[in-house]
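Engineer: The structure that follows is given in the form of structure tokens.
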Amino acid sequence: MATAALLPSSQGNIEVYTLIWVDKYANDSQETIAAQKYLRLAINYFKIFKTSVECVNYIKKSSKDRRFVLIVSGRLGQEAVPEIHDCQQVSAIYVYCLDRAKNEQWAKQYRKIRHIITDLKKLVNKISEEQTERLRNKTNESLSFTILTKDNPNRFFYSFVFIECLLQTNSNLNDKSDFLTLCRKFYENNEIELKNIDDFQENYIPSKGLTWLLKQTFVARILTKSLLTFRFDILLLVRFFLHDIERILRKVPCQSIIKVYAGQILSNDVLQLFRTQLGQCLIMNSFLFANTRNEIEKSFNEIECSNDYQRVLFEIEADPRLPNIKSFGNIKLQRSPSLPPEEQTIFMCGSIFRIEDVRQGHGGMSIVKMKLCSNDELDVKSMSDQLKTEDSMMVFGRLFSKLKKFDQAKMFYEHLMKNLPVDHTDMVLFYDALGYVEKKRENYDDSLVYLKQAFDIKSKSLDAGHTDLADSYMAMGEVYQKKNEIKQAFEALNKAMDIYAKQYPSEHPKIAQCYINLGHAYNKDKKYKKALECFEKAQATQTKRHTINLVLAAEIHNHIGSTYELLNTPDKALENYNLSVKFYEKISPQPHLIIGNLHRTMGKIFEKSKQFAQAQSAYEQALNVFSIVLSSTNATITEIQSDIQRVSGKAK
């Protein structure tokens, strides 16, 4: 499954850098065609455009994490360079032309034009030489991190789960060979990298993982891009390599608190985000390579910075004695036999830092001060503990689903399944899980296929009245309801209810959930009174319990309120929405987005009933919640402010 999703070089780039040649005649001579082969040894992914318009459109539509090295002809360069020079994705430009003196006139105003060259062999050599240095100097590559912000904390937790999944789950036996197979497809015209792949296959051992990471060969480049872009399909295949790196870093720990530096070119918008998030944490989604301040500032001198970007120096303090942190260590690099070893600090991907300060440095450089922090300081500790105690075969898929990352959940389950025999006892768990994931992805037909496969396995070994079969009936009933196949939905849900009623006490939460699903089906069938009866029966199950399930009670009253709205009974709708709010507030003292949405819904009911003072009050309560849980730039804030303004003039 994983390798099938990975594309050869003609269809997708799995490295950071792309080489673009903009020249109408780039394919018209044996000399230029031969040069392309050698250029691919430096930058494997290669595109040719015959017009400047094609090139400009391609670059401007590309993601910010990509990097481009351009070769342009004199004429097309004059058209393309002014359009794309200030794009941060453009790292370097080379003008290949017949008349050097003529092209120097227009090229001298563009800092990213590295050379104007008339000899093709010199062009190839210069690009190859300077690309080696670009790969060594990671300052211009995008640094992948996620900041914990109040309006979207799930992005941070997704990054955390993503990295933990890669580090805590075992590799499949075929992962390494599958990875090398896709590499051979991508580098099919690159003799050097094909030799490196053969070398890796024959000679790689876990103790040499760090050596392969630091060598600028295929492994490091693909891993960099995959971590940067969250290419889960590729990263699942290279878990073995990440595990080896982590073990090596544990063996070379720092012995005391260190202060090191890293450099990055950041947009003004991202730098402003750092300023507004002082005291918050960020997670590094990739390896962080740190050095002395002098080395980082020297690397900045080699980078041209576009107008909307700044040079940012990260000042990092790290204490190796902190509990529950990702590994980091000092290593020595021998760049050249004639030079002394260069010391560098590597932080494992998944390291978490706290943003302590942002200040202005010299020469227009900004300095971001960060301190390594323990998982114990964050809400991720409970999640981390859960990952260590639950069955890792399923827990990451469930966490991806919880964070609404259903594509990753599906990919993870399928990757685990591919090495299991079809009659493995865990297959039923994967079919059920994939049925749920496909329902959330709104692939309802696929969902039913998986759910029926799970049901077939269960029915061969379980009695007809087993609750596991009822779970399958209820899951299928939900999907049929989503597909508007109401008759089949009722059949499945009623079968589930028959089993639950015989096996569970009347207050069991699954009975309540089955009533809720029946209520949704009746609402879809526009039988609102029947739906209301079902929701009220679900509510009745809660009154019989010694302790109320607050989440379920909040949801039930929300459903009852929405059904009363459909029945045009606004007073009852408001009563139940208010009850829903009270239950949600009992769940957590912290404001929650759903509470704001409920207040806004009540505001709309009041406004529709021309009770403008009550509508204004409800909208204002919604704004209070949204102001806490959403950023000030979120569109919902503007919308609710408009709601308040609209009714305030009408309120007496």
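The values are calculated or read from the model by the stated rules, or taken from the named source; none is laboratory data. A quick note: this is a predicted structure, and the numbers were derived from the prediction, not measured. With ideal geometry, Cβ positions are generated from the backbone for all residues, glycine too; neighbour counts draw on all protein chains shown. With ligands, DNA and RNA removed, areas are computed over all heavy atoms of the protein, side chains included. Shrake-Rupley method; radii C 1.70, N 1.55, O 1.52, S 1.80 Å.
Engineer: Assuming A107 fulfils every condition listed in (1) in contact with a strand residue (DSSP E or B) (Cβ under 8 Å, 6 or more places away or on another chain); (2) open to solvent by 40 Å² or more (accessible area, probe 1.4 Å) apart from one, which condition is it?
Structural biologist: The one condition A107 does not meet is (2).
Engineer: Is it the case, given these coordinates, that Q621 is buried (at least 17 other Cβ atoms within 10 Å of the Cβ), closer than 30 Å to T276 by Cα and in contact (Cβ under 8 Å) with a residue 12 or more places away in the chain?
Structural biologist: yes
Engineer: Do we find a residue being crowded, with 20+ Cβ neighbours inside 10 Å, within 30 Å of H415 (Cα to Cα), modelled with pLDDT under 95 and in contact with a Leu (Cβ under 8 Å, 6 or more places away or on another chain) anywhere in the range 35-42?
Structural biologist: no
Engineer: Is it fair to say S580 is out of contact with any helix residue (DSSP H, G or I) (no Cβ under 7 Å at 6 or more places or on another chain) and crowded, with 16+ Cβ neighbours inside 10 Å?
Structural biologist: Here the answer is no, as S580 does not meet what is asked.
Engineer: Considering only the range 586-597, state which residues are within 17 Å of E620 (Cα to Cα) and open to solvent by less than 100 Å² (accessible area, probe 1.4 Å).
Structural biologist: Residues satisfying the conditions are P591, L593, I594, I595, G596, N597.
Engineer: Sticking with this one: Considering only the range 512-612, give the helices (runs of 4 or more DSSP H) lying wholly within it that have at least 1 residues that are under 37 Å from the mean Cα position of the chain (by Cα) and β-branched (V, I, T).
Structural biologist: By residue number, 550-566, 570-587, 593-608.
Engineer: May I ask you to verify whether E202 is in contact (Cβ under 8 Å) with a residue 12 or more places away in the chain, farther than 21 Å from R136 by Cα and of a type in the set (D, E)? Before the answer, list the steps.
Structural biologist: Numbers: in contact (Cβ under 8 Å) with a residue 12 or more places away in the chain: no; farther than 21 Å from R136 by Cα: yes; of a type in the set (D, E): yes.
For E202, the condition - in contact (Cβ under 8 Å) with a residue 12 or more places away in the chain, farther than 21 Å from R136 by Cα and of a type in the set (D, E) - is not met.
Engineer: Out of the residues in the range 411-442 meeting the condition of being farther than 21 Å from L236 by Cβ and under 24 Å from the mean Cα position of the chain (by Cα), tell me which one is most open to solvent (accessible area, probe 1.4 Å).
Structural biologist: Ranking the candidates gives E442 first.
Engineer: Are there any helices (runs of 4 or more DSSP H) wholly within the range 203-308 with 1 or more residues that are within 21 Å of N170 (Cα to Cα) and of a type in the set (A, V, I, L, M), and if so which? Talk me through it step by step, then tell me what you get.
Structural biologist: On the way: elements: 209-214, 218-229, 232-237, 239-251, 268-276, 293-300.
Fully inside the range 203-308 and qualifying: 209-214, 218-229, 232-237, 239-251.
Engineer: Here's a follow-up. Within the range 52-98, work out how many residues are under 29 Å from the mean Cα position of the chain (by Cα), buried (at least 18 other Cβ atoms within 10 Å of the Cβ) and over 20 Å from Q131 (Cα atoms).
Structural biologist: 2
Engineer: Same structure, new question: Out of the residues in the range 459-504 that are in contact (Cβ under 8 Å) with a residue 40 or more places away in the chain and open to solvent by 60 Å² or more (accessible area, probe 1.4 Å), state the one that is farthest from M427 (Cα to Cα).
Structural biologist: In this case the residue turns out to be N484.
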